[in-house]
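**Q** Supplied in structure tokens, the structure appears directly below.
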Amino acid sequence: MFGDMMGMMNKLKEAQKKVEETKERLNTVLLKESSNDEKLSVTITANRSIKSISVDDELLGDKEMLEDYLILTINKAIEKATKINEAELAAVAKEGMPNIPGMDMLK
């Protein structure tokens with residue numbers, strides 16, 4: 001029994017290490033999201049860190065329109081990055097979970 005416990009602890013540590021490695025890798029995954037008319041684009045990492053924003057000169061003359069474009073496009077980029085982030089981390093976590101009796105409800 002004690003050996004089983006040690007094995008589970010080691011598997012949990014390994015899973016935690018893989019989760020951390022995945023988080024680091026997701027910092028390098030870049031996603032680009034653009035407005036429907038391509039006048040504004042946002043580049044974001046899968047960890048939801050904005051790397052760049054590109055704005056068409058036409059938007060610079062209308063503050064309210066620019067703000068609307070920023071809100072819509074950034075929210076779309078964050079939504080896309082969140083889906084990728086959660087899927088990647090869930091896959092790594094599920095793969096590394098030890099077989100603990102009664103915990104099969106996570107599947």
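Nothing in this text is a laboratory measurement; each read-out follows from the coordinates by a stated rule. Fair warning: this is a prediction, and the values are worked out from it, not measured in the lab.
**Q** Report Rg (one decimal) and Dmax (nearest whole number) for the chain, counting Cα atoms only, units Å.
**A** 20.3, 70
**Q** Rounding to the nearest 10 and keeping the result within 0 to 90°, find how far the Cα-based axis of helix 63-96 lies from the longest principal axis of the chain.
**A** 10 degrees
**Q** Further question: Lys13 to Ser54: extension gain in nm, 0.36 nm per residue of separation minus the Cα-Cα distance?
**A** Working: separation 41, 0.36 × 41 = 14.76 nm, distance 4.13 nm.
So the extension gain works out to 10.6 nm.
**Q** Given a 10 angstrom Cα cut-off, can you work out which residue in Asn47, Asn36, Asn27 is the most mobile in a GNM of the chain?
**A** Highest fluctuation among the options: Asn36.
**Q** Express the relative contact order of the chain as a whole percentage, based on alpha carbon pairs under 8 Å and six or more residues apart in sequence.
**A** Values: 117 pairs, mean separation 33.3, N = 107.
That works out to 31 percent.
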